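First comes the structure, then the notes that go with it.
Derivation of every value follows stated rules applied to the coordinates shown; laboratory data play no part. These numbers were taken from a predicted model, which means no experiment stands behind them. Ideal geometry is used to build each Cβ from the backbone, glycine not excepted, and the neighbour counts take in all protein chains shown.
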Amino acid sequence: MTASSCRNALFILSALLMAGMLAGCAATTAGMRYELCFGLSRDNGKAIVSETEWNAFLQREIVPRFPDGFTVFNAKGYWRDNGKTHAEPSKILMVAAPDTPETRQKIADIASSYKERFKQEAVLEITAKTGFIFR
């Protein structure tokens with residue numbers, strides 16, 4: 001094998017490796033991970049948002065806004081008020097979606113609706129730049 005044919009073979013091999021790496025990168029979608037943390041206590045801890053109420057909220061407010069998918073986790077949230085730490089059952093909604101004004105508005109609308117419906121002081125929103133891919 002001559003030096004010229006070795007260089008050509010190395011060039012072709014490098015090009016194929018680079019194409020393979022770029023093909024893997026092309027499938028990753030840039031976007032945001034949005035998380036909303038919903039406390040389930042209400043009426044100053046005297047009552048809890050039931051699974052039936054949560055599922056109705058989910059179907060009415062979340063599914064129509066994110067029909068392509070999302071994840072909900074059961075959690076236990078902790079927060080501090082007047083020097084005392086409180087714990088309550090919680091739900092965490094996680095959505096991976098493009099970072100657009102429409103997506104941000106959908107997230108804000110879900111949080112507002114939950115606060116109004118269940119008389120909550122706040123819903124915690126966490127956002128992070130991310131990339132996502134379905135394999």
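Here K84 is the anchor, and the lysines within straight C-alpha reach of less than 29 Å, apart from those fewer than 8 places off in the same chain, are K46, K76, K115, K119. Under the rule a/c < 1.5 gives rounded, and otherwise a/b versus b/c splits prolate from oblate, where does region 29-132 land using the Cα gyration tensor? Cα axes put region 29-132 in the prolate bin.
Beyond 17 Å, what percent of the Cα pairs of region 22-73 remain?
The calculated P(r) of region 22-73 puts 55 percent of pairs beyond 17 Å.
Between S113, G77, L124, the Cα set farthest toward the positive side of the dipole of region 77-135 (charges on each charged residue's Cβ, about the Cα centre) is that of G77.
With only Lys, Arg, Asp and Glu charged, each at its Cβ (+1 for the first two, -1 for the last two), find how big the charge dipole of region 31-135 is about the Cα centre; round to the nearest 20 debye. Present the calculation step by step, with values, prior to reporting the outcome.
Values: 16 positive and 14 negative charges, 39 e Å.
So the dipole magnitude of region 31-135 works out to roughly 180 debye.
Temperature 20 °C, viscosity 1.002 mPa s: under these conditions the Stokes-Einstein estimate for region 50-103, based on its Kirkwood radius over C-alpha pairs, is 161 µm² per second. Coupling constants for region 88-99 follow from the phi torsions by the Karplus curve (6.51 cos²θ - 1.76 cosθ + 1.60, θ = phi - 60°), and in residue order they are 8, x, 9, 10, 10, 9, 10, 10, 9, 7, x, 8 Hz; glycine and proline get x. Listed by chain and number, the aspartates and glutamates whose alpha-carbon sits under 17 Å from that of K106, ignoring those within fewer than 8 places in the same chain, are E35, E61, D68, E116, E125. Would you mind calculating the relative contact order of region 29-132 from Cα pairs under 8 angstrom and at least 6 residues apart, reporting the percent as a whole number? Relative contact order, region 29-132: 49 percent.
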